[in-house]
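Engineer: Could you have a look at this structure, given as structure tokens, before my questions?
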């Protein structure tokens, strides 16, 4: 086989765990190398991901058509009511707009869309060229807000002004403007906000139910099944519970500073982390031991039915090897544990946006010989999948064809998934999906299993 | 309800660079490279993957703030160097984006500098540049711009050969394979560009390929300048924007401009042209295909006669489908496109001079909300177009027959035929079945023979 080499500029972002050998920290938090085919997207993408599930707002993309077209109904974030988030709105800037400015077009677009759809708010996403042609988005937003009486929030998400993480921050910034503007009367002292949960395939509903069973009031989910009014009241919660830390930690920190709301980091993937996320919330309310009792009750009931149902999968999957490449590093930790609980080991772990602490923890968690990568690309991923003889890749749409071309199983753990993977039921779904992909007889025809080319 | 008209809602088009990436994917050993932000490459990859189910690596020069301020020259050069090192391509197809176009990067100049500065070391790939600002036109313009740029970069004048150039437009990998089969059966040498029949619909890999096998070799494109003729599909594609137009203008290679061959009449035109150009009769196999198609038309005619549909998609596809539908007695009440060539109506009228009498309406530059508004009034029996009409199809309970690109919610879009007798047969069968299914579902009896 042809030897695949790693680009010189990328070597510091790759690491193989070898016990007894001192190795430098992995380089991360850097912008992608030009020409390296990063799996990352841009600032706009980061903002769009975070705000996308807010279902009673219009999301207007100010720029040429592509950015809106490629994000139309792209995610599995579901709503229990309005579904404005599933529509795609763009100012569709043309050459003349680029020359003479797009402010007028933006203004008219907004006024008309607000009249037609009667949203509770509007988010205006700046794209690359808006940052260049100098449209005064803030001024247009202010004017429209005044005329229509709804919040019109600019999101500074010009694609080139940073990485996806900066997009998260721009989105959180827009959310911060809403938080604190609603009434917090009648909010219980035993209340939380769920941050960084996007209600993919209804996952937020699953999580919310667990907390409600414990007697906890969920004030707002940011942003899964999101509603503007709920966001406005978020400052009334006692605790922020942050999943998807990459996207929402900034917001949690801001809320801590401004409203004195502490936050904890959790993950809802896998039995261990899911249970911990309930216990950790219960621990925050020590004056109410019944909350902890209820949490234990929820866990024990769920695990009682879940555990036996996993054994079939564990039996089949024991000894199989997985590669993980997802957006945020925090999810990687949970996935490693979840995979171990069904007998699988991890030979490659990486993320698009992990930070130094994330990678340090990953290093600690991983087995000897595991490869750790930051901001990887198809060539590297393929190299390690083949070298480490993985049986499964966990990733998103862009990683899927790599797995299938090389003849290994795949589990979609990205925002487009249609099956809930969070919560206890999510662990069952996850194990089932992994099992169905890894154990499929179709791989017998794959060249790596001896099939003919 | 008053509809917002200024904003584009649920666009019926994609942006210019997407088409360029797909076209570059049809050149052997070529890496498409977008000069702009990282997101453009990533979004376009994701969008293409959801249709083709193939890995598609698109490099990006990954603009940052300082790049936007000081120009993209440095990033582009480093990017090209990295792609050359990691992919070892023979060709890199550089397409611009709204960002690099707006800051006014002189890409041809940067590419010249790159060739000078980096001539030692890594073997120098052929560099192609297509200008594809996203604020102009749509994906189909990017597609044609890339094909034209490729020919412009590579084609040379040589001794005239019996070679025929075929520029098939943005068709499916299955269509491309069918076209190659036709030329092989005619024993006619062919330069097909682009040819992503294998790169976007290939077999499994035993090892990782940086660039998937397949595509038109650069050496073959060189001889495009000495071909005996160019055939180009696409009624609204003008010579000034097309590869065949360039070859005619520069090397006097005659340009034969056809509608996408869908339906018997348009397919006949294509086969007749091949007979003229090659001096050979069409192989019996295609006579058989044609005969079976005519027979199928007879068997199915009653299901489809006077059925009303709304047709949407790229303008050339819409024109070709209109030609086909009119020969089976179906009426496209609305022929719609997000594209805006200014030629759509004219081309449809050339095919169906009494279009207005038949109540056929043509609209360019529309989005799916416009089409939905029309659908509410026109009440078609079904919709014909790509997957993106599903939202309005579901909302208004009008069945959708999927074709073209993208097909994101059905399996096998890349293996769907549209062209020639074979493609028409497949489309006709699917249309008849759509009607039958509709009738069967609506029947209280549930007939088991339809």
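Nothing in this text is a laboratory measurement; each read-out follows from the coordinates by a stated rule. Remember, it's a predicted structure, so these values are computed and weren't measured experimentally. So basically every Cβ, Gly included, is an ideal-geometry build from the backbone, and we count neighbours across all protein chains shown.
Engineer: Considering chain B as a Gaussian network with a 10 Å cut-off on Cα pairs, which listed residue, B:428, B:33, B:186, attains the greatest mean-square fluctuation?
Structural biologist: Maximum fluctuation in the GNM of chain B, among the listed residues, is at B:186.
Engineer: Relative to the longest principal axis of chain B, what angle (0 to 90°, nearest 10) does the C-alpha long axis of helix B:315-327 take?
Structural biologist: So the inclination is approximately 30 degrees.
Engineer: Output the antiparallel fraction of DSSP beta bridges having both residues in chain A, as a percent to the nearest 5.
Structural biologist: Beta bridges within chain A, antiparallel portion: roughly 10 percent.
Engineer: In degrees from 0 to 90, rounded to the nearest 10, what is the angle of the helix B:38-52 Cα long axis to the longest principal axis of chain B?
Structural biologist: Here the helix axis deviates by roughly 40 degrees.
Engineer: Using a Förster distance of 22 angstrom, determine the FRET efficiency expected from the C-beta separation of residue A:312 and residue A:449, and round it to 0.05.
Structural biologist: With R0 = 22 Å, the Cβ-Cβ based efficiency is 0.45.
Engineer: Return the average number of partner chain Cβ atoms within 10 angstrom of each residue Cβ along peptide A:86-94.
Structural biologist: Values: counts 2, 5, 10, 8, 6, 3, 12, 4, 5.
For peptide A:86-94, the averaged partner shielding equals 6.
Engineer: In addition: Over chain B, what is the mean sequence separation of C-alpha contacts under 8 Å (at least six apart), divided by residue count, expressed as relative contact order in percent?
Structural biologist: Reported relative contact order: 16 percent.
Engineer: Quick one: order A:341, B:393, A:47, A:126 by neighbouring beta-carbon count within 10 Å, fewest to most. Please report the intermediate quantities before stating the final value.
Structural biologist: Numbers: A:341 17, B:393 22, A:47 30, A:126 25.
So the residues, fewest neighbours to most, are A:341, B:393, A:126, A:47.
Engineer: Then there's this: Distance between Cα centroids, region B:88-135 to region A:48-73: provide it in whole Å.
Structural biologist: The distance from the Cα centre of region B:88-135 to that of region A:48-73 comes to 30 Å.
Engineer: Compute the distribution of all C-alpha to C-alpha distances in chain A, in bins of 20 Å from 0, and list the percent of pairs in each, rounded to whole numbers.
Structural biologist: For chain A, the pair-distance distribution reads 24, 54, 21, 1.
Engineer: Can you pull the Rg over Rh of region B:284-442, Cα-only, Kirkwood?
Structural biologist: So for region B:284-442, dividing Rg by the Kirkwood Rh gives 0.95.
Engineer: For a protection proxy built on the mean count of beta-carbon atoms within 10 angstrom, sort A:184-193, B:38-47, B:83-92, A:49-58 highest first, please.
Structural biologist: B:38-47, A:49-58, B:83-92, A:184-193
Engineer: On C-alpha positions alone, give me the angle between the axis of helix B:264-278 and the longest principal axis of chain B, in degrees, nearest 10.
Structural biologist: Here the helix axis deviates by roughly 50 degrees.
Engineer: Provide a whole-number value for the mean count of partner chain Cβ atoms within 10 Å of the Cβ atoms in peptide A:57-67.
Structural biologist: 6
Engineer: Right, next: Let me know the Kirkwood hydrodynamic radius for chain B, please, with Cα pairs as the basis and the value in Å to one decimal. Please list the in-between numbers first.
Structural biologist: Values: mean 1/r = 0.0438 Å⁻¹.
One decimal place: 22.8 Å for the Kirkwood radius.
Engineer: With the calculation restricted to Cα positions, what are the radius of gyration and Dmax of region A:191-298 in angstrom?
Structural biologist: 12.7, 35
Engineer: Right, another one. Can you grab the distance from the C-alpha centre of region A:171-248 to the C-alpha centre of region B:256-297, Å, no decimals?
Structural biologist: Centre-to-centre (Cα) distance: 63 Å.
Engineer: I'd like the FRET efficiency for residue A:256 and residue A:287, computed as 1/(1 + (r/R0)^6) with the beta carbon distance as r and R0 of 25 Å, rounded to 0.05.
Structural biologist: The pair residue A:256/residue A:287 has a calculated efficiency of 0.75.
Engineer: How do A:346-357, B:55-66 rank on mean C-beta neighbours within 10 Å, highest first?
Structural biologist: B:55-66, A:346-357
Engineer: Still on this structure, please answer the following. Could you list A:42, A:172 so that the one with the fewest beta carbons within 10 Å of its beta carbon is first and the one with the most is last?
Structural biologist: A:172, A:42
Engineer: Based on the mean of other Cβ atoms within 10 Å per residue, sort peptides B:161-170, B:193-202 so the most packed one is first.
Structural biologist: B:193-202, B:161-170
Engineer: Now for a separate question. Going by the alpha-carbon gyration tensor, a ≥ b ≥ c the square roots of its eigenvalues, is region A:323-453 rounded (a/c under 1.5) or, if a/c is not under 1.5, prolate (a/b greater than b/c) versus oblate?
Structural biologist: Cα axes put region A:323-453 in the oblate bin.
Engineer: Could you work out, residue by residue across B:56-67, how many beta carbons of other chains sit within 10 Å of that residue's beta carbon, and then give the average as an integer?
Structural biologist: Whole-number average of other-chain Cβ neighbours for B:56-67 is 5.
Engineer: Please tell me the relative contact order of region A:231-278 in percent, rounded to the nearest whole number, where contacts are Cα pairs under 8 Å and at least six residues apart.
Structural biologist: 36 percent
Engineer: May I have the extent of the alpha carbons of region B:117-266 along their three principal axes, as whole Å values ordered from largest to smallest?
Structural biologist: 52, 40, 37
Engineer: Continuing with this model, one more query. Counting alpha carbon pairs within less than 8 Å and at least 6 residues apart, what relative contact order, in whole percent, applies to chain A?
Structural biologist: Relative CO of chain A lands at 17 percent.
Engineer: Rg to Rh for the protein assembly as shown: what is it, with Cα atoms only and Rh by Kirkwood?
Structural biologist: Reported Rg/Rh, Kirkwood definition of Rh: 0.97.
Engineer: Could you work out how far the C-alpha centroid of region A:261-283 sits from that of region A:382-401, in angstrom?
Structural biologist: Value for the Cα centre distance between the two parts: 29 Å.
Engineer: Per the Cauchy relation, a quarter of the hull surface: what is the mean projected area of the convex hull of the alpha carbons in region A:68-161, in nm²?
Structural biologist: Answer in nm², one decimal: 6.5.
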